[in-house]
Amino acid sequence: MVQKDFASCYNGEVMRSRLVPVLLLILAGCRGGSAPNDFAPQTAAPSTVRPAASPLITVNPKKRGARVFGLVLGANEATWNDITLSTIAPAFRAAGLRATRWPGGSESDNYHWKTNSLGAGACSGGYVAAPSTLSNFVNDVVRPAKLDLAITVNYGSNPQCTDGASPSEASGWVSYANNTMGYGVKWWSIGNEEFGASWETDMHQPSSTRHDPATYANLVATQFYPQMKAASKTPIDVCVDVEPGWYTGWDPIVLKRAKYDCVELHYYPQTPGQESDSFIIDKGAAELTSTIDALKAELKTAGHSNALIYVGEIGSVYSTPGKQSMSITQALYAGQAIGEMLEDGVARSTWWFGYGNCETDGNMSSALYGWQNFGGYEMFEAGPSNYGCNGTNVPGNGTLTPTGRAFEVASHFVRDGERVVGSKVAGLPNVRAYASTYGSGYAVMLFNLDENGAVTVPVKIEGVASGKGGLTWTYDKSIYDLTKNNVWKGPRSGKLDAWKGHFTIVLPPWSMVVLRT
């Protein structure tokens, strides 16, 4: 997340991606793609149901995979929002979230916790809401919503904006949070995207040491890491910034020379103005796994294969979100991304963003499916009065967006401490499946990526001859389409009948379905 001018960038937020070489051009200003006035979705053909005579989805309990980490269900929050609003904690709970991150992406490298303020001069861009202190965030959101909190400490700047941040500021925050206040914050990251020379604050002197992997690794290893670890009376994990792929000179040096317990990855697969529904639905989540695989290879080479992977920011487009960000299409991507991260063994993730971030100058192309003339990173809305959001049919304060609904459905699949198990889809190219243990039974998360056709799918659990039935949760295109009339409904719940040999589930067009049996 990149911090820019507050007045011109709705809440000062601009994203970028590891995947796009045009980054430097876009970061020059807060502008997105074209925004024609045609907001109608593509015409959909009548829904059809495809029958299947034999099990096409097979769950293999003997093929045990990664441990399920419940903290993959998370969302960012930041100091520019008034986090004392009474609607925030209930929205986190409604979406089934279990983790959050503070004090906000790039702002972290300008933010000073003791004064709850930004630095001077070039480090003062942005906005801090006076009520949004760490204590208020913990008392008004984290504890009521039962969230696990991660904090990003300032690496980039001192209060005068004349040099880099002091490691003592970071260790002081650790001591205050965990010793003085007893917050028990386990996850701490050092700086935000410090490889990003064109957007991230780094005032270290001399200027040749800024955004330099060797300088970062040395300061982390000799000062930040040991001081922060020693400052907490309770165990903490300290993470470093990573960027596999585009910034090829960063990871090899940092991962080899720094000291760390975990690595923080950010992932945005699309360029603003170039969003594609077919890409985000079919390939966006799969490319996340490719990125994580590359990171695992880097960690192995550096001799740190056991380091935990934390996806601190994840979204679909790195800047100026348009109508796709409010559509069922992004929801399908978000749900699959959760499934991929579980299979990849990701220990923690936080979607960018949780509560309140909205704008109307993103990509509104009629080539994208959707009914909204506004967009936003948020998982739950702040209502029509939200800064920068003057679109029509904006839902009320605390309403879950389709992405929030995807997390809500996924929360019935994700149970901390379970194990991912094997799943196989045969002959259905538009269906995706994820499976895990769930207590004495199993949970399955299914996606139908066909916009127009429903499919009836038999599911077999190898070694399990019968079941007493179970529960289902569904979010699909038909529910999302109600938002055309500003009706923002949640997923449907249902029951799975008792079965022998296999059970059958109907996947509506463009749907996400979780079942437990």
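The values are calculated or read from the model by the stated rules, or taken from the named source; none is laboratory data. This structure is a prediction, so every number in the text was calculated from the model and none was measured. Neighbour counts are summed over all protein chains in view; Cβ atoms, including those assigned to glycine, are modelled from backbone coordinates with ideal geometry. Accessible surface areas use protein heavy atoms only, side chains included; no ligands, DNA or RNA. Shrake-Rupley method; radii C 1.70, N 1.55, O 1.52, S 1.80 Å.
Looking at the range 205-227, is at least one residue modelled with pLDDT of 95 or more and under 23 Å from the mean Cα position of the chain (by Cα)? No; the residues of the range 205-227 include none that is modelled with pLDDT of 95 or more and under 23 Å from the mean Cα position of the chain (by Cα).
Consider the range 148-191 and keep the residues that are among the β-branched types (Val, Ile, Thr) and in a helix (DSSP H, G or I). The one that is most open to solvent (accessible area, probe 1.4 Å) is Thr180. Counted as qualifying within the range 419-514 are the strands (runs of 3 or more DSSP E) with 1 or more residues that are touching a Ser or Thr at 6+ places or on another chain (Cβ under 8 Å), touching a residue at least 12 places away in the same chain (Cβ under 8 Å) and open to solvent by 40 Å² or more (accessible area, probe 1.4 Å), namely 419-425, 441-448, 453-461, 470-476, 492-496, 503-507. With respect to Ser366, is the statement that it is open to solvent by 20 Å² or more (accessible area, probe 1.4 Å) and modelled with pLDDT under 95 true? Judged against the criteria, Ser366 is not a match. Of all the criteria given as (1) more than 18 Å from Thr115 (Cα to Cα); (2) within 21 Å of the chain's Cα centre (by Cα), the one not satisfied by Asn179 is (2). Given the conditions (1) open to solvent by 10 Å² or more (accessible area, probe 1.4 Å); (2) modelled with pLDDT under 95, which single one is not true for Arg143? Only one criterion is unmet by Arg143, namely (2). Close Cβ contacts (under 9 Å, 6 or more residues apart or on different chains) running from residues in the range 326-340 that are charged (D, E, K, R) to residues that are in a helix (DSSP H, G or I) and open to solvent by 10 Å² or more (accessible area, probe 1.4 Å) comprise Glu340/Ala286; Glu340/Thr289. Listed conditions (1) within 20 Å of Glu298 (Cα to Cα); (2) out of contact with any helix residue (DSSP H, G or I) (no Cβ under 9 Å at 6 or more places or on another chain); (3) open to solvent by 20 Å² or more (accessible area, probe 1.4 Å) are all met by Cys239, apart from (3). Against the numbered list (1) under 25 Å from Met181 (Cα atoms); (2) in contact with a helix residue (DSSP H, G or I) (Cβ under 9 Å, 6 or more places away or on another chain); (3) buried (at least 22 other Cβ atoms within 10 Å of the Cβ), Arg101 comes up short only at (2).
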